[in-house]
Amino acid sequence: QVQLVESGGGLVQPGGSLRLSCAVSGSVFSIHPIGWYRQAPGKQRELVAHITSDGITNYTDSVKGRFTISRDNGKKMVYLQMNSLKPEDTAVYYCNTVFRAPWAWGQGTQVTVSS
C-alpha cells in the first residue's frame, strides 16, 4: 500500500518561496509519474505540476516559470520548489500519481501566501 506524506508548507509573503516535499512509501515509486495538486477553499483540486518516471515535467499555465518539480527516485521523494508566490497560490498541496486512479491521499500541506 502506498502512503504519501507531504511537508514544507507555511505562511509566506507574496514574492516569497517555499519548497514542498513528498515522501512516497512502497516499491512502485520509480515507475510512476507523480504530480503536485492543490485545493483552495471552495475550489476543486487541481493538478499544478507533474513529473514522469524519467524526469519529464509539465506545469499548469498559472505556475509556469515559478514552480519547479523534481524527484529523487533513490529517496522516493518528490519536491516542488515554489518561487514568486502569489496570494492565489494559497491552498492545501498534495502529491499523488497521475494518469491513473489515485493512491490514498495524504494529509497535504498548507501553503498560505499573505502579507
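The values are calculated or read from the model by the stated rules, or taken from the named source; none is laboratory data. Here the structure is a predicted model, which is why all the values come from computation and not from measurement. Neighbour counts are summed over all protein chains in view; Cβ atoms, including those assigned to glycine, are modelled from backbone coordinates with ideal geometry. Each accessible area value is taken on the protein alone, full model and side chains, heavy atoms only, with ligands, DNA and RNA left out. Shrake-Rupley method; radii C 1.70, N 1.55, O 1.52, S 1.80 Å.
Output ³J(HN,Hα) for region 16-30: one whole-Hz value per residue in order, computed from phi by the Karplus curve 6.51 cos²θ - 1.76 cosθ + 1.60 with θ = phi - 60°, and x for Gly and Pro.
My calculation for region 16-30 gives x, 10, 9, 10, 8, 10, 9, 9, 10, 8, x, 8, 8, 3, 5 Hz in order.
In Å², what does the accessible area per residue of the chain work out to with a 1.4 Å probe?
Ligands and nucleic acids excluded, the figure is 51 Å² per residue.
Can you tell me the Rg and the Dmax, both Å, for the Cα atoms in region 1-76?
13.3, 38
If packing is taken as the average number of other Cβ atoms within 10 Å across a peptide's residues, how do 54-63, 28-37, 90-99 rank, most packed first?
Details: 54-63: 12.9, 28-37: 18.4, 90-99: 20.2.
Final packing ranking: 90-99, 28-37, 54-63.
What is the sum of charges, Lys and Arg at +1 and Asp and Glu at -1, for the other residues whose Cβ falls under 14 Å from the Cβ of Ala40? Working shown, then result.
Working: positive: Arg38, Lys43, Arg45, Lys86; negative: Glu46, Glu88, Asp89.
Around Ala40, the charge tally is +1.
Where in region 10-115 are there trypsin sites (Lys or Arg not before Pro) that are in a DSSP coil and have at most 12 other Cβ atoms within 10 angstrom of their Cβ?
Lys43, Lys64, Lys75, Arg100
Just to be sure I understand: with springs between alpha-carbon atoms less than 10 Å apart, which residue in Ala101, Ala49, Ala40 has the highest mean-square fluctuation in the Gaussian network model of the chain?
Looking only at Ala101, Ala49, Ala40, the biggest GNM fluctuation is shown by Ala101.
What does the net charge come to around Val2 if you take all other residues with beta carbon closer than 12 Å to its beta carbon, with K and R at +1 and D and E at -1?
In short, +2.
Taking θ as phi - 60°, what are the ³J(HN,Hα) couplings along region 78-86 by the Karplus curve (6.51, -1.76, 1.60), each to the nearest whole Hz, with x for Gly and Pro?
In residue order, the calculated couplings are 10, 10, 9, 8, 10, 10, 6, 5, 10 Hz.
Within the set of other residues whose C-beta is less than 12 Å from the C-beta of Gln110, count the net charge using Lys and Arg as +1 and Asp and Glu as -1.
Result for the neighbourhood of Gln110: -1.
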